[in-house]
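Novice: Let me begin by handing over the structure; questions about it come next.
No value in this document is a laboratory result; all are computed from the given coordinates. Predicted model only: the values in this text are computed from it and were never measured. Using ideal geometry, Cβ is built from the backbone for each residue, glycine included, and neighbour counts are taken over all protein chains shown.
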Amino acid sequence: MKALIYGNLTLDENITDGKKYQGPGGSSYFISRTYDKLGVESTLVSPYGFDFPNKYLQDFSVFPPKPIVDSTLIFQNITKASRRVQKVFNIKHSPNILPEKIPKSLLNHINLVIFATVLDNISPATISKIKNFVKPDAIISLVAQGLFRNIDENGNVVKKEKKNIEAYLKYIDFMFLSVEDIGDSLSKAEKWSRGGPLVIVTQAEKGCMIFNHGKPQKFNAFKIDNIIDATGAGDVFAAAFSYAYFQTKNISYCAKFGNSAAALSLKSHSSDLKFTLQDIENLIDH
């Protein structure tokens, strides 16, 4: 199995009640790390700067193979008394790689493509072009959170309505979003699923809701007692769900597989996932 992950790598700065952590981030990073754990040969396509630590890029292929900009896109999360403010820096250094610039050798035999948005910077046209470059039966997924983000004049991330979401639907098989990404997420997911793709809404400790041609199905989360880091859990879910669908085509099993992987990801820091394929299967069978 081969996967292509398209979307910005980031550096995440998390400041919680004065304590600071910096590490790799972005949906594309967490998805690529998940595929490494599942034994999937994957390539992450993203601009990144000389400031991105090379040690975090050893477990999967990256294109371009070397930094092409000075600074990596930075997401800063400041949490004080349970209130989070999110800011973005270096946007001008983070244009996505044009589909035409991706070597055809990287696109041959691709089974899974995941478009991983952290900003509203992946267009339907980009998805269409890459879809045409890969195998006709490749599974196309969209992690949609970034489409519902706007950046104000001070660099703050604010939620927004995405007016042309229907333009994406004909190009994708799966859309993943969190219940926190947009207001009224379940009713919108139900509507969008009528346009063709399966729409999956992750609900943190409540599990996920899957909409298939307008019909909802609920899947409960697996309980984890000792949560170390919840960052990227939704991205882990999306990667695992898509992987399981390629293997089984069984939507119920995919939901359980995704929920299991996401739950296991909570037990370690997001930059150092610890689970294995066997761990995921064991939790499902427990």
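Novice: Taking a cut-off of 23 Å between Cα atoms, list the lysines near residue 101, but don't count ones fewer than 8 places away on the same chain.
Specialist: List returned: 2, 66, 92, 129, 131, 135.
Novice: To two decimal places, what compactness ratio does segment 162-242 give when its Cα radius of gyration is scaled by 2.2 N^0.38 Å?
Specialist: Expressed relative to 2.2 N^0.38 Å, the Cα Rg reads 1.11.
Novice: Would you grab the residues whose amide H sits under 5 Å from the one on residue 44? Only those 5+ places off in sequence or on another chain, please, with H modelled 1.01 Å from N.
Specialist: Close amide H contacts, sequence-distant or interchain: 5, 61, 62, 63.
Novice: Continuing with this model, one more query. With the Cα gyration tensor of segment 2-285 in hand, convert its eigenvalues to equivalent ellipsoid semi-axes via √(5λ) and list them largest first in whole Å.
Specialist: Gyration-tensor ellipsoid for segment 2-285: 24, 23, 20 Å.
Novice: Within segment 77-116, what residues put their amide N at less than 19 Å from the label point 7 Å along the Cα-to-Cβ vector of residue 212?
Specialist: The answer is none, because no backbone nitrogen lies closer than 19 Å to the label point.
Novice: Please state, rounded to one decimal and in Å, the Kirkwood hydrodynamic radius that segment 1-56 gives when every pair of distinct Cα atoms enters the mean of 1/r.
Specialist: Taking the inverse mean of 1/r over all distinct Cα pairs, segment 1-56 comes out at 12.3 Å.
Novice: Related question: Among bridges DSSP assigns within segment 103-218, what percent are antiparallel (round to 5)?
Specialist: Roughly 45 percent of the beta bridges in segment 103-218 run antiparallel, per DSSP.
Novice: In whole angstrom, and with the biggest value first, how far do the Cα coordinates of segment 133-286 range along each principal axis?
Specialist: Sorted from largest, the Cα extents of segment 133-286 read 42, 41, 32 Å.
Novice: Could you tell me the center-to-center distance, by alpha carbons, between segment 128-206 and segment 214-241 in angstrom?
Specialist: 17
Novice: Given the -39500 (n - 2.57) contribution per DSSP H run of 4+ residues, what per-residue ellipticity at 222 nm results for the chain, rounded to the nearest 500 deg cm²/dmol?
Specialist: The helix contribution divided over the chain gives -8000 deg cm²/dmol.
Novice: Pulled fully out, how much extra length does the chain show between residue 164 and residue 279, if you take 0.36 nm times their separation in residues and subtract their Cα-Cα distance?
Specialist: Contour length minus Cα-Cα distance gives 37.5 nm.
Novice: Further, regarding this structure: Testing the spin-label approximation: label points 7 Å from Cα along Cα→Cβ at residue 204 and residue 54. State their distance in nm.
Specialist: About 3.9 nm separates the two model spin labels.
Novice: Quick one: if the Förster radius is 22 Å, what FRET efficiency do residue 191 and residue 125 give, using the C-beta to C-beta distance and rounding to 0.05?
Specialist: 0.45
Novice: Give me the number: length gained by fully extending residue 180 to residue 268, i.e. 0.36 nm times residue separation minus the C-alpha to C-alpha distance, one decimal in nm.
Specialist: 29.4 nm
Novice: Under 20 Å from the 7 Å Cα→Cβ point of residue 61, by amide nitrogen: which residues of segment 107-123?
Specialist: Backbone N within reach: 107-116.
Novice: Across segment 86-214, what fraction of all alpha-carbon pairs, as a whole percent, falls in each successive 5 Å bin from zero upward?
Specialist: 2, 10, 19, 21, 19, 14, 11, 4, 0
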